[in-house]
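> Got a structure for you, written out below as structure tokens; questions coming shortly.
What follows is calculated from the coordinates using simple rules that are stated; it is not laboratory data. Everything quoted here is computed from the prediction, not taken from an experiment. Cβ placement follows ideal geometry from the backbone for every residue including glycine, while neighbour counts extend to all protein chains displayed.
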Amino acid sequence: MFLILKTRPNGRVNYYIQLILCLNLTILILTESAQPPFACDSSNPATKSYPFCNLTLPISTRVNDLVSRLTLDEKIPQLVNAAPAIPRLGIPAYEWWSEALHGVSNSGFGILLNGTIKSTTSFPQVILTAASFNARLWYRIGQAIGLEARAIYNQGQANGMTFWAPNINVFRDPRWGRGQETPGEDPLVGGIYAISYVRGVQGDIFEGGGLKDGHLQASACCKHFTAYDLDHWNGVGRFSFDAKVTKQDLADTYQPPFQRCIQNAQASGIMCAYNRVNGVPNCADKNLLTNIARKQWSFQGYIASDCDAVSIIYEVQNYTKTPEDAVSEVLKAGYVISTHLLMKWFIQVMLFLCQVVLGKLKNIMILAHMDLPLSYLMLFFLLC
Ligand SMILES: *[C@@H]1O[C@H](CO)[C@@H](O)[C@H](O)[C@H]1NC(C)=O
Ligand SMILES: *[C@@H]1O[C@H](CO)[C@@H](O)[C@H](O)[C@H]1NC(C)=O
Ligand SMILES: *[C@@H]1O[C@H](CO)[C@@H](O)[C@H](O)[C@H]1NC(C)=O
């Protein structure tokens, strides 16, 4: 199981924690040159002896070695979007949260545009691009985004290469307000858009199947899984929204873009949405995340929750009686991400669960063989 905690700096507590994380990051950046924060730095003699740094070993061996070296206290903070460095192993910090809806953006925390590179290409809103009905064009835009992301990384201005795009929710209701982010209301077009964009970003060929040894140019993430197209309307907010969807409508309308994104495009990430579907919060829905995404569609990537999507399961949706239960539900559902407000309980529950679960779950997740900083190996495994 792999956890990522996506944080939202919208409260005092959050700001406080964010500040600490930023300070850590600053210290890290200041003590390193303006180069990508590679793990297994060959100039660091300590890393030479670690099997996880040995490129000739199979990735699963390296992952097992790395995980076996981490203490529980080191594993837990790796389950949030701002994963801290583990200096004793030469592993740099990693920021999972970057955005690239219609161009590499610094609206997440992973991309910094304050160095030599000060801007990126901003493509038109997705709804407009989609209106071209030109899959090659979508692919080429994805390619450009992935390439720019890689260039920014190589320039030492990225703390992560995981981009939380595309947004492929079916834009059925114009009152949503975020329809411009999506390829529109047609499930088929949405699916083909997902395939084209994801293949372009991740460095695949247009037809798919061209990733060399699974190495990614950058990592794409299809969101928001699933039946999410309401933000704030008539007293109903996205946190509390309970979408009533028939099985047929789910199969015909809401799932096809995600199925294509996973099966055809092999996106390395998906994000579960805030809303409930027929009463069950998406991020706590084992049927959705484990049975459908992982088992039926063979999803091998990481699952991120939307900002605070775990805390709202308890705080807004009243789905669980305690915060601990909310964390437990998302863990059991097959993945998770949480929020700072739940951090305290989260850590307690994680401590417990990891102890219980680690022994029996050898759920090593090979997400992508990026020849990147070793902290990207975090992409390769599911902790717990
Ligand atoms: C860019 O911003 C980051 C994060 O705020 C900071 O750590 C870094 O020092 C800045 N770099 C430059 C060149 O100003
Ligand atoms: C890397 O692994 C290979 C295969 O096990 C081994 O022969 C080699 O000695 C290892 N290299 C280092 C530097 O440990
Ligand atoms: C959750 O409980 C609170 C407090 O009782 C209530 O105000 C709110 O409407 C409930 N939310 C839902 C989605 O039922």
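> Give the separation of the Cα centroids, segment 296-323 to segment 167-196, in Å.
With segment 296-323 and segment 167-196 each reduced to a Cα centre, they are spaced 22 Å.
> Also, quick follow-up: Which of 244/332; 244/286; 247/295; 223/321 have a Cα-Cα distance over 20 Å?
Working: 244/332 23 Å; 244/286 18 Å; 247/295 18 Å; 223/321 28 Å.
Pairs exceeding 20 Å: 244/332; 223/321.
> Counting pairs of Cα atoms in segment 280-339, how many percent are more than 18 Å apart? Write down the numbers at each step before the final one.
Values: 460 of 1770 pairs.
Value for segment 280-339: 26 percent of Cα pairs lie more than 18 Å apart.
> Here is a follow-up. Write down the Å³ per residue value for the convex hull defined by the alpha carbon atoms of segment 59-140. Before the final figure, lay out the partial values.
Details: hull volume 12.9 nm³, N = 82.
It comes to 158 Å³ per residue, whole-number rounded.
> Continuing with this model, one more query. Roughly speaking, what is the centre-to-centre gap between segment 38-80 and segment 250-275 when only Cα atoms are used, to the nearest Å?
31 Å
> From the Cα trace of segment 158-219, what convex hull volume per residue do you get, rounded to a whole Å³? Mind dumping the intermediate values first?
Numbers: hull volume 5.3 nm³, N = 62.
Measuring per residue, one finds 85 Å³ for the Cα hull of segment 158-219.
> Starting from 0.36 nm per residue, how many nanometres of slack lie between residue 122 and residue 137 once their C-alpha separation is accounted for? Don't skip to the answer; put the middle values down first.
Details: separation 15, 0.36 × 15 = 5.40 nm, distance 1.45 nm.
Length difference between fully extended and current span is 3.9 nm.
> Please list, by residue number, every one of the trypsin sites (Lys or Arg not before Pro) in segment 226-333 that is coil in DSSP and has at most 11 other beta-carbon atoms within 10 Å. Display every interim value, and only then the final one.
Working: sites: 238, 244, 247, 260, 276, 286, 294, 295, 321, 332; in loops: 238, 244, 321.
Those satisfying the criteria are 244, 321.
> Which three numbers, in whole Å and largest first, are the semi-axes of the equivalent ellipsoid of segment 186-312 derived from its Cα gyration tensor as √(5λ)? Intermediate results must be reported in sequence, preceding the final value.
Details: eigenvalues 140, 43, 36 Å².
After scaling each eigenvalue by five and taking roots: 26, 15, 13 Å.
> Once fully extended, how much extra length lies between residue 248 and residue 57, figured as 0.36 nm per residue of separation less the alpha-carbon to alpha-carbon distance?
On the way: separation 191, 0.36 × 191 = 68.76 nm, distance 4.63 nm.
Full extension of this stretch gives 64.1 nm more.
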